[in-house]
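Below is a structure I'd like to ask you about.
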């Protein structure tokens, strides 16, 4: 018998788009030693340069993930997860919806090409407007809806957690928050389900303070765009996507807010919207329906209506 060790094949994550979010995500995946990474972009030299830079830090950061940069979708073949970050970033004064028509074409093309080489992959969408783009990806590649999802819920909840922690002067890791709905101004933060070490924030803060934090969460992305002036957030979005990837690859069955396809949950159908989901190796393994007040149900319906309208606009432009 041979004494040669045959290395096990590592999971593979392909990140489509080597901009700030894509390259930050590749770095996060490597730091956690989650998977090998293919970083793809249409700009020649860009993904190759980013990948080489990340690989040159490999010995310092003590991971053994392989990171390659490419302009060829064939190099993404056999991916376990495909993450789509490709598209234009927001500029000051732009809403996520302003990006819709341009990014719809970019995202659909990326999904079509990636699916050819990785038909068994789980697809995670980050490109804005996120709920609309996730629906377009699902319609394009016709996968079971459990294998297509959008990132935003983790990010929105993390922003809410951060603002609560900053207000109370507590450790952010001790704060748990929940945000439902579309990734935009009509998202639905749920203060009743937000706690600090198990204590509801409604017992720790006045209503006016909570309302101020909720509003800041809704405008969290725009606040960063305004400050940066040259683009949008990328560290927190990358970390949010990495958390989802880890839950899937390690089959953790974690309950995370995710833009998932609804088939009657919350009284909604044929739409991708942020809801609490259990993520595991099969993708979205189940959707949790939390109890909502009548006003919260109405707010969720309004958010869903806005997403539906934008989906129809995007589909008409693609047609």
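Exactly one condition in (1) closer than 29 Å to residue 15 by Cα; (2) in contact with a strand residue (DSSP E or B) (Cβ under 8 Å, 6 or more places away or on another chain); (3) touching a residue at least 12 places away in the same chain (Cβ under 8 Å) is false for residue 286; which is it?
Result: residue 286 passes all but (3).
One residue is enough: does the range 13-28 have a residue meeting the conditions modelled with pLDDT of 95 or more, assigned by TED's automatic domain parsing to the domain that holds residue 115, in a helix (DSSP H, G or I) and over 26 Å from residue 128 (Cα atoms)?
Within the range 13-28, not a single residue is modelled with pLDDT of 95 or more, assigned by TED's automatic domain parsing to the domain that holds residue 115, in a helix (DSSP H, G or I) and over 26 Å from residue 128 (Cα atoms).
Looking at 182, 169, which is the one that is more than 19 Å from the chain's Cα centre (by Cα) and not assigned by TED's automatic domain parsing to the domain that holds residue 75?
The unique qualifying residue is 169.
Does any residue of the range 256-263 turn out to be more than 19 Å from residue 122 (Cα to Cα) and crowded, with 19+ Cβ neighbours inside 10 Å?
Checking the range 256-263: not a single residue is more than 19 Å from residue 122 (Cα to Cα) and crowded, with 19+ Cβ neighbours inside 10 Å.
Oh, and also: Check the range 294-305 and report whether any residue there is touching a residue at least 40 places away in the same chain (Cβ under 8 Å) and either under 22 Å from residue 82 (Cβ atoms) or assigned to a strand (DSSP E or B) (or both).
No - not one qualifying residue is present in the range 294-305.
OK, next. Give the residue that is nearest to residue 240 (Cα to Cα), with candidates limited to residues of the range 13-48 that are in contact with a strand residue (DSSP E or B) (Cβ under 7 Å, 6 or more places away or on another chain) and surrounded by fewer than 21 Cβ atoms within 10 Å (Cβ to Cβ).
Checking each candidate, the answer is 36.
So, in the range 98-137, how many residues would count as being under 11 Å from the mean Cα position of the chain (by Cα) and assigned to a strand (DSSP E or B)?
The qualifying residues number 3.
Looking only at the range 228-242, decide whether some residue is over 13 Å from the mean Cα position of the chain (by Cα), buried (at least 16 other Cβ atoms within 10 Å of the Cβ), in contact (Cβ under 8 Å) with a residue 40 or more places away in the chain and not in a strand (DSSP E or B).
yes
Return yes or no: is residue 66 over 25 Å from residue 149 (Cβ atoms), in the same structural domain as residue 118 (by TED's automatic domain parsing), within 23 Å of the chain's Cα centre (by Cα) and at pLDDT 95 or above?
Answer is yes for this residue.
Cβ-Cβ under 7 Å, sequence separation 6+ or interchain: first residue in the range 255-277 and without any contact (Cβ under 8 Å) to a residue 24 or more places away in the chain, partner surrounded by 20 or more Cβ atoms within 10 Å (Cβ to Cβ) and outside any helix (DSSP H, G or I). Which pairs?
Filtered contacts from the range 255-277: no entries.
Next up: Please state which of the following conditions residue 157 fails to meet, knowing it meets all the rest: (1) assigned to a helix (DSSP H, G or I); (2) under 20 Å from residue 291 (Cα atoms); (3) touching a helix residue (DSSP H, G or I) at 6+ places or on another chain (Cβ under 6 Å).
Every listed condition holds for residue 157 apart from (3).
Could you say whether any residue in the range 263-286 is in a loop (DSSP other than H, G, I, E, B) and either farther than 22 Å from residue 140 by Cβ or assigned by TED's automatic domain parsing to the domain that holds residue 80 (or both)?
Yes, the range 263-286 contains at least one residue that is in a loop (DSSP other than H, G, I, E, B) and either farther than 22 Å from residue 140 by Cβ or assigned by TED's automatic domain parsing to the domain that holds residue 80 (or both).
The values are calculated or read from the model by the stated rules, or taken from the named source; none is laboratory data. Note that the coordinates shown come from a computational prediction; the quantities given were computed from them, not determined experimentally. All Cβ positions, even for glycine, are placed from backbone atoms using ideal geometry, and neighbour counts span all protein chains on display.
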